[in-house]
Amino acid sequence: MRGLGCRMNVAAVLNGLLVSILAAVLWKYVKLREHAFSVEEELLLSQQSQELSQVRIDYHGALQSLQEEGTRMVCTGKMHTDRICRFDYLCYSTEAEEFVFFHSNDSIMLPNLGSRRFQPALLDLSSVEDHNTQYFNFQELPAPALKFMPKPVFVPDVTLILNRFNPDNLMHVFHDDLLPIFYTMKQYPDLDQEARLVFMEGWNEGLHFDLYRLLSNKQPLLKDQLKNFGKLLCFTRSYVGLSKITTWYQYGFVQPQGPKANILLSGMEIRKFTQFLMDKLNVSLEENSIGEEYIVVFSRTINRLILNEAELILALAQEFQMKTVTVSLDDHSFADVVQIISKASMLISMHGAQLISSIFLPRGAVVVELFPYAVNPDHYTPYKTLASLPGMDLQYVAWQNTIEENSVAFPDRPWDQGGIGHLEKEEQIRIMKSKEVPRHLCCRNPEWLYRIYQDTKVDIPSLIETIRQSVKTKPSVKKVKMASVVHPGKVREAKCQASVHGTNEAKLSVSWQIPWNLKYLKVREVKYEVWIQEQGENTYMPYILPHQNYTFSESIKPFATYLVWIRCIFNKNLLGPFADVLVCRT
């Protein structure tokens, strides 16, 4: 019996040992499978990251950086309207459609605004200022929350994240998107031609997507495309927002539309941008293929038509003795439109987005904008403002149809094409009898839409007379090189000396040296502006002087203290800074 018990104990031990070995093997197998799945998932995520870019990424290293260091943000600008932020490891949940800032002990958030970040937003995602559909913000999570979230897909490209404002309208494409993107990228060295543009406004590609492609060697990404790459995308380095420095017009969301109050752009910057686009479009600046100076009439094919376009073309050719051609966005590629306009002497078009193409006109050319009946040209001036920017060197002419019988309106069309059938009968009658659209806010004013979508028979003698009055010589292209605008520096070594003659008469002699940069410049005309103010008084005496010294006696009193400011002026309108104020006692 004892021998049988021993055999049973040995069997039990062997059985237990076998179970333990099998359990260990199974545990090892499970762990190997888990590791294999993890490696496979990491490889898949790395592959998804590389689908976004040709740049190879160390997935494990990127994930470790995100987990340990979190998101880092440094912004420029004091207000949400002028702020651009640079992020390391800003993430985006494609399920929640929210950006995510992951906090760790090493996270950086500058400025750290707290709840002020929501008043009303961290920044504007588009160049249109303070528009409530363009605000950007993010959700916040602690970095350990990554353990419970989908594994992130890392975007290795440096990205510029923004909203396009209206990608189907050519004016908005250039003014609100392309120019701001171009000069935002110029501000940050790593936003180069290998950077990736990410559009978050939710539009599809739109009519002019090929123009956005010109700004980067990488295909731009749309918001709807992001979900194809994963549930959580993390941008290793991104810039969010757009510079507004290059915009010159506001669209009337708060007050009636018009030029921005503080325009910070010149034609020099616009022409540098257009040269970049022309190079990308392979548009040549060599002699034009037509072989002579010519006029371009921009033809619209759907609405806002010129009803006597053929007659107008013939009359322009006869009047100005220049070949006259037409272009159309429907019949020409954009590169062809640019090629033709870039060598034209005159561009004539009905008011509309296509007139933004005037940025490609050469210096000295004429822009003629035609307005339908009851639409006051003084109320709608984006292209006049553009043509008037220093350095654009364009001549601008506005013509308005003043003959109601020469207009064809379309009251039965949909409201967004000028129809007014949805309005009360009395309001329809009032609009149709109106002689001028009053100033209004954007964007659905029915009277404005009714009038702007009219077709027009152009009164040709009236138009030609308007052009003749505004353009005194035959339109021609200036063969001039682009030159920088140089302002004078401060005048140097300013001095004053007083002399008293009796109890009622005194003189004040003021002298100075030329600005330092003047000796290196060829300047047509140099003058000096001098302000003299008696201390304690609210008014001052201004003088424009051609010399560097002058003795003042008019209104100079004995035993008084005077403050004197001096600055240099180049060519009548290039103003230098005032030198430090002189305090002069008589």
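The values are calculated or read from the model by the stated rules, or taken from the named source; none is laboratory data. Remember, predicted model here, so these are calculated numbers, not experimental data. Cβ: placed from backbone, ideal geometry, glycine included. Neighbour counts: every protein chain shown. When the accessible area is computed, the model is the full protein with side chains, heavy atoms only, and any ligands, DNA or RNA have been set aside. Shrake-Rupley method; radii C 1.70, N 1.55, O 1.52, S 1.80 Å.
Among 450-456, 308-314, sorting by the average number of other beta carbon atoms lying within 10 angstrom of each residue, highest first, gives 450-456, 308-314. In this structure, the residue pairs whose Cα-Cα separation is over 22 Å, taken from K490/K522; K260/K435; K186/K272, are K260/K435.
What is the Cα radius of gyration of the stretch 296-424 over 2.2 N^0.38 Å, N being its residue count? It would help to have the intermediate numbers written out before the result.
Values: Rg = 15.5 Å, N = 129, 2.2 N^0.38 = 13.9 Å.
For the stretch 296-424, the normalised Cα radius of gyration is 1.11.
Straight Cα distances below 15 angstrom link K572 to the aspartates and glutamates E525, E529, with same-chain residues fewer than 8 positions distant left out. Taking amide H positions as modeled 1.01 Å from N, with prolines and chain starts lacking one, the residues under 5 Å from V100 and 5 or more places away or on another chain are C91, Y92, S93, Q139.
Net charge near I84, counting Lys/Arg +1 and Asp/Glu -1 over other residues with Cβ under 14 Å of its Cβ?
Residues close to I84 contribute a combined charge of +2.
In the stretch 75-178, a dipole from Cβ-located charges (positive for Lys and Arg, negative for Asp and Glu) runs towards its positive end, and of P111, P144, H175 it is P144 whose Cα lies farthest in that direction.
Here is how the number arises for the chain: DSSP H runs of 4 or more residues each give -39500 (n - 2.57), the sum is divided by the residue count, and the result at 222 nm is -8000 deg cm²/dmol. Candidate cross-link partners of K557 among the aspartates and glutamates, defined by an alpha-carbon separation under 18 Å and a same-chain spacing of 8 or more, comprise E505, E534, E537. For Rg and Dmax of the Cα atoms in Å, several values are listed as (1) 34.2, 147; (2) 25.6, 107; (3) 34.1, 97; flag the one computed from this structure. It is the one labelled (1). Cross-link partners for K147 among the aspartates and glutamates, with Cα-Cα distance under 20 Å and sequence neighbours closer than 8 places in the same chain left out: E34, E40, E41, E42, D58, E68, E69, D88, E95, E97, E98, D106. Accessible surface computed residue by residue for the stretch 82-131, with neighbouring protein chains in place and a 1.4 Å probe, gives 44 Å² per residue. Most simply put, the stretch 44-194 has about 60% antiparallel DSSP beta bridges, counting only bridges with both residues inside it.
Expressed to the nearest 5 percent, the antiparallel share of DSSP beta bridges inside the chain is 55 percent.
Remark: the stretch 132-233 carries a charge dipole of roughly 440 debye about the Cα centre, counting +1 on each Lys and Arg Cβ and -1 on each Asp and Glu Cβ.
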